[in-house]
Amino acid sequence: MNTIIKNGLLVLIILLGVIPVYSGGFQVNEHGARATGMAGAVYATLNDASAVHFNPGALSFMDGTHIMFGTTLIFPKGKFRGPFPSVDQTDMESPMSYPSVFYASHTLSNGLAFGFGMFNPYGSGTKWPDNWVGRNLAMESSLRTFFFNPTVSYRVTDYMGIAVGFNYVYSDIDLQQGVSFEPTFAGNGDVRLTGSGSGIGWNIGLYTNITPEFSAGLAFRSGVGLDLEGDAEYTDIPRQIGEAGLLPGDKIEASVTLPANLFAGIAYTGIDKLTIGLGFQYVFWSSVEEIALTFTDTGNEDALVFNYVNSYIARIGFEYQVNSDLAVRAGYLFDKNPTPDEYMRPGIPDADRHGFTLGVGYQINDKIGVDFGYLFIRFNERRIENSNVEYKTGARMNGVYNVSGHLPSINFKFNL
Amino acid sequence: MKTPKFLMYVFLFVGIFIFGCEDFSEIEAPTIDQKTSELLASYVAIGNSLTAGLQSNSLYESSQKYSYPALIARQGGVEDFQQPLIQDPGIPGRMRIEKIDPFATKADPPNPTPLNATLPRPYNNLGIPGAILFDAIDNEDFATKSAQRNNPFFHLILRDSQLGGSVFEQAIAQNPTLMTVWFGNNDILSYATSGGTTVLPTTANPDLFTAIYSQLAGALAQTAGVSGLKVAIANIPDVSVIPFVNTVPPFIINPETGEPVMPFIGVTPQDKVLLTALEFINQGFGIPEALGGNGQPLPGHVVLTVEEQQFVADRVSRFNQTIAAIASQFDFALVDIQTRFNQIHANGYQLGTATLTTQFVTGGIFSLDGVHPTSVGSGLIANEFIQAINQKFGVQIPEVQIGTIPPSIEFVAKGLLTPNDFMKLDTNIFQDVVRLYTTY
């Protein structure tokens with residue numbers, strides 16, 4: 001069997017086609033409705049427990065106990081036209097996904113703070129019609145990651161706080177796609193790969209009040225190596241292929257390194273009732289060269305090549321305090337995509353993207369507040385002419401992708 | 001207060017603008033230029049089974065859709081390219097794989113249901129399985145001929161002499177602007193596939209071949225002089241590239257070691273053992289009694305001896321000289337299939353991450369009968385025609401993207417297996433079709 005695959009006599013197209021839509025590659029940056037309303041430019045502002053994620057160094061400047069939880073609903077929309085020379089259009093079916101957050105923090109009067117966060121910074125899902133032209137690359141793809149992040153922050157001086165944290169990461173995937181036996185045998189089947197695994201990482205943060213009007217935040221989150229284990233289930237495969245043992249295997253191990261992130265931001269509060277935030281996020285995507293796959297029962301190996309390049313997200317956000325209870329927010333972000341044209345896959349349609357955000361925050365009483373955020377994200381049209389990704393043996397996935405998404409979010413916060 | 005409100009409006013405005021504006025740009029499929037369209041305004045192909053699109057020993061709709069003339073027409077944007085379609089699994093019934101190990105095929109029962117029989121004009125694809133060169137100009141009654149030759153296709157494809165009394169006449173009746181002509185294969189092939197035991201038709205004599213081809217070409221040239229018809233003619237591939245003669249080694253193979261033990265009885269190491277030898281080998285022919293065989297030599301009709309190979313090669317060479325001379329004399333495009341298939345036979349054809357070869361079944365180019373190409377192989381042939389036509393006539397027919405052609409080697413039935421079934425299967429098999437064939 002190995003011989004056959006090596007010789008290319010029988011090419012089984014079993015490729016993971018991971019996912020998402022909302023940030024470059026398969027990152028999700030929606031970690032709180034207030035932050036969403038300000039396009040995520042909150043690395044240097046503080047007033048809620050989502051600081052655990054965005055600027056843990058600021059936790060030491062808060063007081064008392066804060067709890068926050070919420071979710072973002074992601075409604076993706078996508079089209080593919082191609083593969084060239086065909087210009088036939090396929091509409092992505094749009095499964096909703098809902099990355100969610102939970103944060104808690106407690107700050108002691110001596111400037112020592114403890115925080116805990118749970119959030120989903122990578123993942124989400126895409127679904128293409130079962131019989132579409134790219135079925136061997138992606139039908140339904142779902143990737144989820146859950147970060148569990150305890151952190152400790154300490155106010156070193158009156159104007160600076162630092163933080164360090166630990167991350168336990170659990171991830172699961174569920175990928176369904178077509179299998180074919182090109183270029184020789186007719187027939188199609190399906191394969192479903194399911195798996196889960198975990199990894200660990202760390203993070204550090206720094207927050208400073210430079211002047212009463214200016215603050216700055218800096219945070220770093222390490223890369224996370226994930227080892228996943230799971231199963232491959234084949235359906236509708238021609239009997240003869242199965243009898244001859246020509247499928248790659250039933251048990252799968254895969255590994256991938258989630259990228260490290262650097263966050264930097266400043267905030268200016270010098271204008272009456274207005275907070276202006278600037279943020280810059282640098283994503284070390286080059287750690288995602290490939291997802292290596294091993295079929296442990298047969299020893300076959302495969303790899304999904306991504307060859308991502310490092311990229312960034314630039315953010316600007318505004319918050320206007322209408323009165324003591326009501327705040328309104330707006331923002332804009334530009335997200336540079338990490339995916340080279342050659343390696344773009346329909347499971348993760350990607351492009352440089354523009355995000356426009358609006359938000360409202362309302363303090364119901366002393367202790368309870370609620371935030372609403374809305375992000376509309378628009379991908380630049382992506383035209384791929386030099387793909388290395390084959391949807392069938394010898395046929396490349398060149399075409400035009402158009403993607404956009406609506407992401408409403410809500411969170412509740414409690415100051416105890 | 002003014003500043004933030006203003007900013008809000010700006011963001012709202014920009015957001016609504018971006019959200020509201022046209023979601024994506026128009027893109028269009030490439031179009032065919034006028035000169036190319038004019039050349040293909042009326043395209044007619046004449047030839048034999050290769051032109052008809054026969055594969056896996058049957059002429060059936062799914063294979064005909066990928067005949068090289070159909071592919072050329074599709075690439076050239078021809079909308080009304082008519083073929084004598086026969087419902088799957090066709091005549092005499094397509095072969096499919098029943099089992100991979102040991103390798104076994106099964107022919108479907110014939111389904112001689114024509115799908116396009118009422119077309120009130122001749123077909124654009126006049127390829128007739130079994131036709132030799134002489135059949136292009138032969139005016140024999142079609143029904144009579146089908147009966148005499150025990151070949152239903154003359155009658156099925158040419159139908160009615162009202163449409164034209166011969167292949168040539170039915171082609172010319174369509175006022176063709178482009179004709180492709182590919183004859184000659186069958187003038188030698190039956191000799192080769194029968195291990196040199198078939199008596200060749202008298203018209204397959206090289207001098208008669210030249211005379212008949214000259215007559216056909218002269219008539220085409222005469223039409224061309226009046227109507228501007230363009231003609232492309234293809235030469236014939238060496239028989240030595242087809243899996244039918246290349247799959248079974250002349251040696252008895254030790255199934256334990258995979259090593260050759262000795263030549264089959266009555267076979268020299270230079271002889272070619274044909275696919276038809278398999279049923280005899282399975283019965284013990286060619287194998288000494290000491291090795292479990294019956295001690296009888298392989299019959300002559302399943303072995304192509306060195307002398308017979310030489311005879312075939314000489315004929316192919318002479319036919320191709322004739323074809324080249326005629327192309328040159330009448331200013332036809334020459335499609336050099338012989339050279340192309342020799343290249344592919346030697347080096348394979350790189351298709352993305354896979355290498356297509358002339359190996360039986362697994363190579364991807366030849367169908368289960370070991371002689372006729374798969375749909376993918378048909379695409380390679382179409383591209384040779386397209387290149388020659390583009391070059392000779394200064395047109396731009398886009399080449400076929402080979403990777404987009406669906407594989408055409410089929411399995412007998414689709415069965416559902418559960419993951420548990422796969423766990424029980426032996427994965428260390430199907431090393432090599434040749435070994436399977438010679439294991440006894």
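Between A:Trp202 and A:Tyr159, what's the calculated FRET efficiency when r is the beta-carbon distance and R0 is 30 Å? Round to 0.05. Walk me through the numbers before you get to the answer.
Values: r = 25 Å, r/R0 = 0.83.
According to the calculation, E is roughly 0.75.
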message: Springs between alpha-carbon pairs under 10 angstrom, Gaussian network model over chain A: which of A:Gly225, A:Gly361, A:Gly277 fluctuates most?
response: A:Gly225
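Per residue, how many Å² of accessible area does the range B:21-432 show with a 1.4 Å probe?
It amounts to 41 Å² per residue over the range B:21-432.
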query: Rounded to the nearest 500, what is chain A's calculated 222 nm mean residue ellipticity when only DSSP H runs of at least 4 contribute -39500 (n - 2.57) each, over all residues?
result: -1000 deg cm²/dmol
statement: With +1 at each Lys and Arg Cβ and -1 at each Asp and Glu Cβ, the charge dipole magnitude of the protein assembly as shown around its Cα centre, to the nearest 20 debye, comes out at 1700 debye
field: Averaged over B:99-109, number of beta-carbon atoms from partner chains that fall within 10 Å
entry: 2
- line: For the pair A:Ser255 and B:Ala104, the simple spin-label estimate (label points 7 Å beyond Cα toward Cβ) gives in nm 4.5 nm
Size of the A/B contact, given as accessible area buried on both chains, probe 1.4 Å, in Å²: 5100 Å²
- request: Compare B:Leu216, B:Leu85, B:Leu351 in a GNM of chain B, Cα atoms joined below 10 Å, and give the one with the largest fluctuation.
  value: B:Leu351
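Report, in deg cm²/dmol and to the nearest 500, the calculated mean residue ellipticity at 222 nm for chain B, where each DSSP H run with n ≥ 4 adds -39500 (n - 2.57) and the sum is divided by the residue count.
Working: 17 runs with 167 residues, N = 440.
Taken over chain B, the calculation gives -11000 deg cm²/dmol.
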task: List the residues of the range B:174-195 whose backbone N lies under 17 Å from a point placed 7 Å from the Cα of B:Ser317 along the Cα-to-Cβ direction.
output: B:188
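Hydropathy first: keep DSSP H helices in chain B averaging at least -1.0 on Kyte-Doolittle, then drop any whose Cα extent along the axis falls short of 18 Å, and list what survives. Kindly include the intermediate steps, with their values, before the conclusion.
On the way: long enough: B:2-20 (27 Å, 1.51); B:206-227 (31 Å, 0.67); B:306-330 (36 Å, -0.08); B:375-393 (26 Å, 0.36).
Membrane-span-like by this rule: B:2-20, B:206-227, B:306-330, B:375-393.
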task: Just reorder B:Lys272, B:Lys65 by solvent-accessible area, largest first, 1.4 Å probe, all chains present.
output: B:Lys65, B:Lys272
- prompt: How much solvent-accessible surface does A:Lys127 expose, in Å² to the nearest 10, with a 1.4 Å probe and all protein chains in place?
  reply: 50 Å²
- request: Note down the accessible area of A:Met62, probe 1.4 Å, to the nearest 10 Å².
  value: 20 Å²
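Take every DSSP beta bridge with both residues inside chain B and express the antiparallel ones as a percent of the total, to the nearest 5.
Values: 17 of 34 bridges.
Looking only at bridges with both residues in chain B, the antiparallel portion is about 50 percent.
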task: Just order A:96-105, B:217-226 by mean Cβ neighbour count inside 10 Å, highest at the front, would you?
output: A:96-105, B:217-226
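Sort the following peptides by mean Cβ neighbour count (other Cβ atoms within 10 Å, averaged over residues), highest first: A:137-146, B:353-362. Can you show the working numbers first?
Working: A:137-146: 23.0, B:353-362: 20.6.
Packing proxy ranking, top to bottom: A:137-146, B:353-362.
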query: Residues of the range A:85-129: accessible area per residue at 1.4 Å, in Å²?
result: 40 Å²
query: How crowded by other chains is B:392-405, given as the mean number of beta carbons from other chains within 10 Å of each beta carbon?
result: 3
Heavy-atom accessible surface of the protein assembly as shown: percent carbon and sulfur, 1.4 Å: 55 percent
- line: Partner shielding of A:311-318, taken as the mean number of other chain Cβ atoms within 10 Å, equals 1
task: Beyond 42 Å, what share of the Cα-Cα pairs of chain B is found? Please give it as a whole percent.
output: 24 percent
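Rounded to the nearest whole Å², what accessible area per residue is found for the range A:310-416 with the 1.4 Å probe? Can you show the working numbers first?
Numbers: 3620 Å² over 107 residues.
Value returned for the range A:310-416: 34 Å² of accessible area per residue.
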Two-site label geometry, A:Asn386 and A:Glu301: point separation in nm, points 7 Å out along Cα→Cβ: 2.8 nm
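The values are calculated or read from the model by the stated rules, or taken from the named source; none is laboratory data. This structure is a prediction, so every number in the text was calculated from the model and none was measured. We place every Cβ from the backbone using ideal geometry, glycine too, and count neighbours over all the protein chains shown. Note: areas computed on protein heavy atoms with side chains; ligands, DNA, RNA excluded. Shrake-Rupley method; radii C 1.70, N 1.55, O 1.52, S 1.80 Å.
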